[in-house]
Structures are given as C-alpha cells and as structure tokens.
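Comments concern the structure below.
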Amino acid sequence: MSSTSRRNAAGMVGLLLLVSSAFGAWHELNSGVTGPLYSVHFPEGTQVGYAVGVLPEGGGAILKTTDGGDNWTPQVSGVPSPLNSVYFKDNSNGYAVGEIATAIRTTDGGANWTHMTVPGTDMLNRVQFPDNGMVGYIGVYPRVQSGKVFKSTDGGDNWTELAVGGPTDWSHSCGFATDSIGVVIGYDGFVVGTSGPQDPGTTADLIAAAFSPTDPNTGYLIGNDSTQGVIRYTDDGGWTPWVSVTCEPVPGAVYGVELATTNVAYACGSDGFIARSATATLFGQTMYAGNADLHGVCFPVGADTGFVVGAGGVVLRTYDGGNPMSVAEERGPVASRAGIRIVSNPSRRGITFRADADVNVAVLDAAGRVVARQTAAKGPNFLPLSKAGVYFVHEAQAQAQAQAVRVVLTE
C-alpha cells in the first residue's frame, strides 16, 4: 500500500555509514518522463505496475510497465490536473486521484480511463481499496479546514463524504488496513481511527499512513515538523499512543511509507532518502546515490523487490531490499559485509569498526581512487577520515570492490 505526499520540509545532513554489496543497491530506471511522479503501485507481483504524477506540459501523468520496470509506457489520463495516488485491485482494475477532486478509473489495464464523481473541489491525496473489493477510500486535503474522507461501497461508482474529527481539525490523507480498520490523518498530529481519536505522540503534520499486509494492528505514520521528518509506529492499531521511531540519519522530510511485510517497512523522502526498518522502531538508510525528492514506495511481494518514484520522473528499483545501512550497536542490530561490522554511528572523524579477522582495508574516494590503506587486526579498529566527502571502505583483497562500506563524512 504505497503512500505519498507532496509536502516539503527543511533538510538535515549528517554522517551516513552504509553497508553495501555494490556501490548502489537502488538502480534508476528510464521512465521516459521528466515531470515528478508521486505514487507507484504493483498490484499482483513485480512485473505489471503503474506510476502517476505530472506531465512536463501539465496534466496528469500515468505510466505502465509490464516487464518489471525496464520499460514504461505513457497512458492517456485525460485529466488536466496532477495525479497524486494510484491503486490497482489487480492488473486490470485501477484508480487514480489528484488535485481539484480529480478521480479516474480503468477496467482494462489503463488503456482507457473514465471519470468518477467525487463531491467538491478538494485535493485528493490517497486512493485505496483495502480488501480489493467494493469498499474504497480517498484521503482528502480539504480546501476549507475540516477533517474528512471519501468512501465508496460500490467499487467507485459513488463516493460519500464522511466528516472526521472536530471543527479545528484538518485532514490530509488516510490509510486503511482492511475495509473497516484504518485512520484519517492530518495537520498538528491529527489522527482518528475507525475506533476513535488516537494519540500519535507528535504535533507534526501527518501526511501518510500504512499498515501491514497481514496484521491490521501493525502500522506506521509519517509526517514533517518544521525541521525534520517524523515516523511513528503501532502494534496495537493505535489503541495506545503511537511510538516514536528513530531514523539514522534523521531525514529532512518523509513523503512515502510502505510495509513490505509485518516486520519490514520502508520510508522515502527528500534528497534521495530511502530507509528500511532494522527493528520496529529503528530505521536505517539504504543505498541510493541520487538526491531527488522521493514520494512513493511499493514492495509488492515481500521485502526484497521494490520500487520508488520521485521528482524529475525518477523511478528506482531494488532486488535486495536496498541493502540497508548499519546502525549504532547500542541502537539496533549491526549489519556486516566483508568481515567488517560498523560499531560507531554517527561520527565526524572516521569510522569505528570491528573486524572478524585480520584484514587489509582500502579507502576509495567517490572517483574510485585509493586514498588510504590500513591493516586492521581482528577486533575493534578506527579508520580516520579527515576530509568531508564520500568514501568507500572495503577489504583490499576483495574482488572488484565487491563488498564495501559507503561513508559520507561531513565537517
């Protein structure tokens, strides 16, 4: 259940210590468009998928792939407004929504799109049919302050506005685990579940929610305050206050969230941020070398093969879950590659690591030049890095730099 948003927030930068089996675990695909993409959905597997956003000349963009993202074909949306969300029940029956109450549907895999009638002229930020049946929801950012969601019980033929919250609440979107279990979320920490108001433990503006595909009690909220992205977690459907999630590094802003399984979640955001959960309440950044703002994420059949879309028509794909970064030892499990385990994060002067055996370590700069070498003894070691920049640390004997630690060092 891919979740997206178009909110912006200020960025924050720190030291990233990432473990990778290559220099990039997310690979950019050729979407064929240059306008921003806000949402991506693969309904039945990893081959047939759809992405929506904005055409360079304006209007709603819809792309389709039938070969796992290698090639994307534009479809004719027939709408003049940007599209913010796409959802398909199966490879043929799908929905897309966007600005000025734009809502369209297809029954033939996108060959033809027809309009749905949604009341008002609000911005529509999320469309979802949780159980792939007749019940659907549309998350709403109203033109006039209020909390609301649109609901259909006839497969999208008709949509009814449901008021949510009080007169001072302002909704932004929604997320549903099933046809009857979900939340409406919005600004200043607004969260109302199908069982009543909930406490997100934050006053940040909440913009997206996602739940486990197999456990409706497990879910995440994302949002942004004035300085950074915010992630919250629940394992009881929000009956008790949502729990704060630590993310290393702290994202400037988060825009999309997805649970690939009950135990593995992903979030994406500004400046190329893509993170994967190491534990339920700890996320670590994955390997992506770009800096585009990323808005939508989808893992259709588990935690390995996934897709992300964003600004400039960016479409990314991974086959290994993005190769998540290691995180501080006292904060969560330590990732390892090539016999090197990172045990210090963050740091400004270098990298502290533990070697499983005596090993020769080489340091390369972003251009692939060797800038330092060190013989590391089994046990704890420190490798100093004095200049800000991007470095790759690997066993000197490793073939073709096959297993490397990517280090981004700031002053």
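Numbers below:
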quantity	calculated
Selection status of Val264, surrounded by fewer than 24 Cβ atoms within 10 Å (Cβ to Cβ) and free of Cβ contacts under 8 Å to residues at least 40 places away in the same chain	no
So Val314, is it within 25 Å of Val192 (Cβ to Cβ), of a type in the set (A, V, I, L, M, F, W, C) and at pLDDT 95 or above	no
Ala253, sole failed condition from (1) out of contact with any helix residue (DSSP H, G or I) (no Cβ under 6 Å at 6 or more places or on another chain); (2) crowded, with 24+ Cβ neighbours inside 10 Å; (3) not hydroxyl-bearing (Ser, Thr, Tyr)	(1)
Test: residue in the range 59-78 that is more than 26 Å from Ala292 (Cα to Cα), in contact with a Ser or Thr (Cβ under 9 Å, 6 or more places away or on another chain) and free of Cβ contacts under 8 Å to residues at least 60 places away in the same chain	yes
Members of the range 243-263 that are touching a strand residue (DSSP E or B) at 6+ places or on another chain (Cβ under 6 Å), modelled with pLDDT of 95 or more, closer than 21 Å to Leu316 by Cα and not in a strand (DSSP E or B)	Ala253
Odd one out for Phe307 among (1) modelled with pLDDT of 95 or more; (2) on the phi > 0 side of the Ramachandran plot	(2)
Pairs with Cβ under 6 Å, 6+ apart, first in the range 175-187 and more than 22 Å from Lys89 (Cβ to Cβ), second of a type in the set (A, V, I, L, M, F, W, C) and assigned to a loop (DSSP other than H, G, I, E, B)	Gly186/Trp170; Tyr187/Trp170
Qualifying residues in the range 180-192 (those that are touching a Phe, Trp or Tyr at 6+ places or on another chain (Cβ under 9 Å) and surrounded by fewer than 19 Cβ atoms within 10 Å (Cβ to Cβ)) - the one nearest to Tyr38 (Cα to Cα)	Asp188
Residues (of a type in the set (S, T, N, Q) and surrounded by 16 or more Cβ atoms within 10 Å (Cβ to Cβ)) located in the range 133-164	Ser146, Ser152
Selection count, the range 30-67, where residues are surrounded by 24 or more Cβ atoms within 10 Å (Cβ to Cβ) and assigned to a loop (DSSP other than H, G, I, E, B)	1
Filtered residues of the range 97-115 (kept if surrounded by fewer than 20 Cβ atoms within 10 Å (Cβ to Cβ) and β-branched (Val, Ile, Thr))	Ile100, Thr107, Thr114
Complete set of residues in the range 159-193 that are out of contact with any strand residue (DSSP E or B) (no Cβ under 6 Å at 6 or more places or on another chain) and farther than 18 Å from Ser146 by Cβ	Thr178, Asp179, Ser180, Ile181
Tally, over the range 92-128, of residues that are more than 21 Å from the chain's Cα centre (by Cα), among the small types (Gly, Ala, Ser) and farther than 21 Å from Gly45 by Cβ	3
Residue match in the range 54-69 (condition: modelled with pLDDT of 95 or more and among the acidic types (Asp, Glu))	yes
Only listed residue being of a type outside the set (A, V, I, L, M, F, W, C), in the same structural domain as Tyr87 (by TED's automatic domain parsing), at pLDDT below 95 and buried (at least 18 other Cβ atoms within 10 Å of the Cβ), chosen from Pro130, Pro213	Pro213
Ile231 vs. criteria farther than 28 Å from Asp90 by Cα, touching a strand residue (DSSP E or B) at 6+ places or on another chain (Cβ under 9 Å) and surrounded by 23 or more Cβ atoms within 10 Å (Cβ to Cβ)	yes
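The values are calculated or read from the model by the stated rules, or taken from the named source; none is laboratory data. These figures come from a predicted structure and were not determined experimentally. Note: ideal-geometry Cβ built from the backbone for every residue, glycine included; neighbour counts use all protein chains shown.
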